[in-house]
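For reference, the structure is listed below as C-alpha cells.
The values are calculated or read from the model by the stated rules, or taken from the named source; none is laboratory data. It should be emphasised that the depicted structure is a prediction, and the values quoted were computed from it without experimental measurement. Cβ sites come from the backbone with ideal geometry, for glycine too, and all protein chains shown count toward neighbours. The accessibility values were calculated without ligands, DNA or RNA, using every heavy atom of the protein model including side chains. Shrake-Rupley method; radii C 1.70, N 1.55, O 1.52, S 1.80 Å.
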Amino acid sequence: MDFLLRTPEKPHGDMTVVKERVNSYGWENPATTFLGDLRFAGRQLLKHPVFTATATLTLALGIGANAAIFTVVQSVLLAPLPYQNADRLAVLDTHWTNSGHTTPRVTGPDAVDVRDQARSFEAVSLYSGGNLGVQLRDHSVYTALTFVDANFARVFSLQPIAGYLFTDTDAHHAALVSEQFARDNFGGTQAALGQMLHVENEALVITGVLLATFDFPAKTQVWEASPLSPESRSRTAFNYQAVGRLRPGTTFQTAQAELDGISRRLETAYPDENRSKQLAALPLQQALTGDARPTLLLLWVTVGFILLIACVNVTDLQLVRSMERRREIAIRKALGSSRSQVMQPVILESLMVSLIGGMAGVLLAFPAVHVLVAMAPKELPRADEIHLNGWVLAFTLGLALLTALVSSMLPALRAAKVDPAEALKHDASRGMTRHGAAVLRDGLVIAEVAATFVLAMGAGLLLHTMTTLMARDMGYQTRQLLVVDADAPAHSEQDAHRAVQQFNEMFAQLAAMPGVAHVAGIMGLPTGDYGSNGYYNTRGGPAVDQSHESSSIFSVASPGYFQAMGIPIKRGRDFSAQDTFESSFVAVISESLAKQSFGNADPLDKQVQCGLDSDKWMTVVGVVGDVRQESPAANPGPALYMPMTQHPFYANQIHILLRTEVKPLTLMNAVQGTIAQMNPLIALRFTTMDAMVNESIASERFRAALISSFAGVGLLLAMLGVYGTMAYSVAQRTFEIGIRMAFGAEKGAILRTVLEHAAKLACYGIAVGLVLSLIFARLVTSMLVGVRPMDPVSLGLASSLLLLTALAAALAPGWRATHVDPIVALRAE
C-alpha cells in the first residue's frame, strides 16, 4: 500500500516510461495540456520578438482597416434608421418603362392619387425645399429648410420636445424647428416657441421644436407648413418628393403591386402626361444609402484584400517558424505526442498573435474612422451616426479568430506531417529543405502579389479617372471666381421684381470695388445647389418628333453672366438692359440645344417655349458654348438661359459671381458689408468656383484616395512578404552559395539568381492578379470616367510597380548572398 502511494522516481533515460507518461498526461488532463501549450506559446512569442512584432503589426493593419470600413458600412448600410417603424417607411419614385429612367421625385397630382387610393399606405406626405434664407428678428441665416404637409409628422411619428405640431390650417403660417436651430438662434427650445421667422417674405410662427437627432431630409433645420393639396397641379412637373408609411403587416411587394395598378389607371386616364410612367415604392433606408452603397462595398472588398495579404504574410512567417521548429516538433512526436497535440501549440501561437493584432487593430480603427468621416463627401448619408460599437467589436473579434484559423492551418498541418526520423537527421545549416516547402512559400508570395496587383490596378483606374476629371474642360473658367449664395426674401411677384432690381443695383456697386473685374448673377449655376430643368418646345426649326420631347437645363441669368463665367458667345448677343419684363421675351441657348432642336439651321430668331414660369414664346438672341452642369463627370448637354428681369420669380435666390483680380476670398468681408448695407435681410454664403467644382467630384476623390492608400499598404505588405521569402531562401542556401563561390561563382551571378527568382514570383503574381482584375472589374466600371476597366496605362503602372517592389524587396537578401564567406559557410557544415 505504501508502495502504491509513493511518488514514482524520476526516470533516467527510459524512453518507454517517458512516452507512457506523456500519453497519460495528455489523455487524462486535456485542460492542463491546453494551458501548458498556451504558456509555451506565450514564451515562444516572447523569445522571438521580431516575429511577434512583425506578425502583430501586419495583422493590426489588416484587421484595423477592416474594422474601420465595417464601422462605416454597419452605421450607414446595416444599422436601422433612427425613426419609429423605420422598416415601414418608403419613398415614392417615378420610373419610365420606355426609357428605364428613374427620378426620386413625383408630381403633385400623382402623389395625391396615391395618398387617396393606395390602401397599403397609412400616411403619405409631400415635401420640397433646400438651402434657403431665413430672416429672423435681427439677422438672416442660410439653412436647410423643407416645406412639408401635415402628414409629415404622421409618417415619422414625430413628437415635439416643446410646443405642438402644426395642422393643415397652419399652412404657410407655422413652422417647426430643430433643437439645434432653437439653441443657436433663440437660446433654447422654450425661448423659440412663438417666435416669428420669415421665409420668402412669409411670416411664420414657431409652434414646435423637434429633437436634434431628427433632421430628415438632408439635415433640415426648419420645416415650414405647406398645404396637403399641392400647389403644383401639373402631371409633368416633378416638384415634390414623397415619403410614406406602410400599414402594419404590409410588405413592399404588396404596396408595389397596388402602385402598379394605380399607375395603369393613371396612364389610361391621362395618356399624354402619364404615358409609360410607373410609380414605385422604395424602402427609405435603401433610398438614402443607395448612392453610397457601391463605394462602401468597394472599400470593403478592398480592405478584404488587405486582410488576405496580411494573412498570407503571417502564414509565411508561421511556415518559417515551423521550419525552425522541426527538430522540436520531431522530438515531441518521438515522445508520443498525437497529431492534434503537435498542431495545438502552433494554432495557439497564431491565436495569440491574431488576438493581439485584433486589439491593436481596434486601436488603429478609432483614428481611422475619424479620418474616414473627415474625408467623406458631404453627400455620404448618416455620417454623423458613424462610430465604433458592439457590432464592430464583435466583428473584429470574429475576424481575429478567423485570421488565426486561416494563418495557422497550413503551418499546423505541416507540423503534423513532420517525420521525426527525417527531421532529426536533417541539418538546416546545409539548406536541405524539402522542395514542397519552397513551392508552398513561393505560392504564398504569388498570392500576395496577385492580391496587391488587384489593389494597385483599382487604385490606378480611380487615380486615372481623377486626373481625367481634373483636366476636363468645364466650358467655363473656374479660377479667380468668388461665388455668393444670396437669398432675397420675396413672396409676391412685386417682391420678386423688387429683388431683381436691387440685385442689378448691387451688381453695379460690387463691380466698382477694387480687385473686381466682372459681376453677374444666375439661378442654375453649374455644380450649384439649386436649378431647374424640363421639357421645352420650339418653332421655326425642323419638325420635332412629338413622341420624344426635348429636355434642357433652365437657368435665369443677368447681363454679363457669360463674360463673368468665361463662357464663349458663339453667335448673337448676351442679355442687355433692354430685355425687360415688358419687352419681348428672349433666350440664349447652348450649342447642344441648338443642334438638338435646329440641326444645321441658324437658331437665331427662332423661338423657344418652356414651362419654367411662363408659356410665352422666347426669341433666341444668342448661342453660347456648352458647359458641364453637374460636375466634370457629366457630359455637356442642352441649356436654356433666360433673363432675370423677365423671370423674376426665379431670380430672388441666386448665385452672385465676382470675377476677381485678387484671391477671391480676400474680398468676402467687403462684399458682405456692401450687400448688408443695401439689404440686411439677404442671407449670404460664400465659396469659390474652384471649391464648388472640387466638391462636385468629392466622391471620386474619396474613392481614389482610400483605394490608393490601401494599395500602398498592400505594396508594403507585399514587399515584406517577398523580402521574407528571399531572406529565408538565402539563409537556407548559405552552404550551397558558399560552395558555388568557392568554385569561382561571381557575385553578380549570385545576385542575379536571387533577383530572377523574385522577378519570376512577381510575374506569376501579376498574371494571376490580371485574371482577378478582370473578375472584379465590374465593381469599378460604373465609377470610371473616360477610362476603360483594362486601361493600359493603369495596367502598365500596376505591373511595373509590383515588379519594382519585388526587386527592391529581394535586393537586400541578394546583396547578403553575394557577401557569404565560403570558408565560414563550409566550416558551419
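A few notes on this one:
- Evaluated against (1) more than 30 Å from residue 698 (Cα to Cα); (2) modelled with pLDDT of 90 or more; (3) in a loop (DSSP other than H, G, I, E, B), residue 491 falls short on exactly one condition, (2).
- Selected residue (only one of 477, 501 is out of contact with any Pro (no Cβ under 6 Å at 6 or more places or on another chain), part of a helix (DSSP H, G or I) and either at pLDDT 90 or above or crowded, with 16+ Cβ neighbours inside 10 Å (or both)): 501
- Within region 74-86, residues that are crowded, with 18+ Cβ neighbours inside 10 Å reach partners that are of a type in the set (Ser, Thr, Tyr) and part of a helix (DSSP H, G or I) with beta carbons closer than 7 Å, at six or more positions or on different chains, in the pairs 76/289; 77/289.
- The set of residues in region 218-237 being in a loop (DSSP other than H, G, I, E, B), open to solvent by less than 50 Å² (accessible area, probe 1.4 Å) and touching a strand residue (DSSP E or B) at 6+ places or on another chain (Cβ under 6 Å) consists of 220, 221, 226, 230.
- Consider region 284-298 and keep the residues that are in contact (Cβ under 8 Å) with a residue 60 or more places away in the chain and of a type in the set (S, T, N, Q). The one that is nearest to residue 386 (Cα to Cα) is 289.
- Residue satisfying condition, being open to solvent by 50 Å² or more (accessible area, probe 1.4 Å), over 16 Å from residue 148 (Cα atoms) and either modelled with pLDDT under 95 or not hydroxyl-bearing (Ser, Thr, Tyr) (or both), within set 185, 201: 201
- Residue match in region 627-640 (condition: hydrophobic (A, V, I, L, M, F, W, C), in a strand (DSSP E or B) and either in contact (Cβ under 8 Å) with a residue 40 or more places away in the chain or crowded, with 21+ Cβ neighbours inside 10 Å (or both)): yes
- First in region 100-121 and in contact (Cβ under 8 Å) with a residue 12 or more places away in the chain and within 17 Å of residue 234 (Cα to Cα), second anywhere and open to solvent by less than 10 Å² (accessible area, probe 1.4 Å) and polar (S, T, N, Q), Cβ under 6 Å, 6 or more apart: 103/94; 106/94
- Within the span defined as region 644-667, one or more residues are assigned to a loop (DSSP other than H, G, I, E, B), under 21 Å from residue 499 (Cβ atoms) and touching a helix residue (DSSP H, G or I) at 6+ places or on another chain (Cβ under 8 Å).
- Pair list, Cβ < 8 Å and 6+ apart or interchain, from region 370-389 residues that are open to solvent by 40 Å² or more (accessible area, probe 1.4 Å) to residues that are in a loop (DSSP other than H, G, I, E, B) and of a type outside the set (A, V, I, L, M): 379/291; 385/82
- The residue pairs whose first member lies in region 144-164 and is open to solvent by 20 Å² or more (accessible area, probe 1.4 Å), whose second member is among the polar types (S, T, N, Q) and assigned to a helix (DSSP H, G or I), and whose beta carbons are closer than 7 Å, counting only pairs six or more residues apart or on different chains, are 161/189.
- Residues considered: 167, 94. Of these, the only one that is surrounded by 18 or more Cβ atoms within 10 Å (Cβ to Cβ) and among the hydroxyl-bearing types (Ser, Thr, Tyr) is 94.
- Which numbered condition residue 275 fails, given (1) under 25 Å from residue 102 (Cα atoms); (2) open to solvent by 20 Å² or more (accessible area, probe 1.4 Å); (3) not in a loop (DSSP other than H, G, I, E, B): (3)
- Residue within region 439-453 that is open to solvent by 30 Å² or more (accessible area, probe 1.4 Å) and among the basic types (Lys, Arg) present: no
- Within region 239-263, the residues that satisfy the criterion of being loosely packed, with under 13 Cβ neighbours inside 10 Å and either part of a loop (DSSP other than H, G, I, E, B) or at pLDDT below 95 (or both) are 248, 249, 251.
- Among residues of region 104-143 being open to solvent by less than 20 Å² (accessible area, probe 1.4 Å) and touching an Asp or Glu at 6+ places or on another chain (Cβ under 7 Å), the one that is farthest from residue 242 (Cα to Cα) is 133.
- Only residues that are among the charged types (D, E, K, R) and assigned to a helix (DSSP H, G or I) were counted in region 754-797, giving 3.
- Residue 649 being open to solvent by 40 Å² or more (accessible area, probe 1.4 Å), closer than 30 Å to residue 595 by Cα and not hydroxyl-bearing (Ser, Thr, Tyr): yes
- Of all the criteria given as (1) over 31 Å from the mean Cα position of the chain (by Cα); (2) free of Cβ contacts under 8 Å to residues at least 12 places away in the same chain, the one not satisfied by residue 709 is (1).
- Neighbours by Cβ (under 6 Å, 6+ apart or cross-chain): first from region 556-581, without any contact (Cβ under 8 Å) to a residue 40 or more places away in the chain and part of a loop (DSSP other than H, G, I, E, B); second surrounded by 17 or more Cβ atoms within 10 Å (Cβ to Cβ) and not basic (Lys, Arg): 576/559
- Top-ranked residue of region 750-773 - restricted to ones that are of a type in the set (Ser, Thr, Tyr) and under 15 Å from residue 452 (Cα atoms), ranked as least open to solvent (accessible area, probe 1.4 Å): 773
- Count of residues meeting criterion [of a type in the set (Ser, Thr, Tyr), buried (at least 21 other Cβ atoms within 10 Å of the Cβ) and assigned to a strand (DSSP E or B)] in region 504-537: 1
- Some residue of region 48-61 being modelled with pLDDT of 80 or more, open to solvent by 90 Å² or more (accessible area, probe 1.4 Å), under 30 Å from residue 373 (Cβ atoms) and not hydroxyl-bearing (Ser, Thr, Tyr): yes
- Reported count of residues in region 599-617, each being under 12 Å from residue 539 (Cα atoms) and of a type in the set (S, T, N, Q), is 2.
- Scanning region 689-735 for residues that are over 30 Å from residue 57 (Cβ atoms), modelled with pLDDT of 75 or more and open to solvent by 10 Å² or more (accessible area, probe 1.4 Å) turns up 690, 691, 692, 693, 694, 695, 696, 698, 699, 700.
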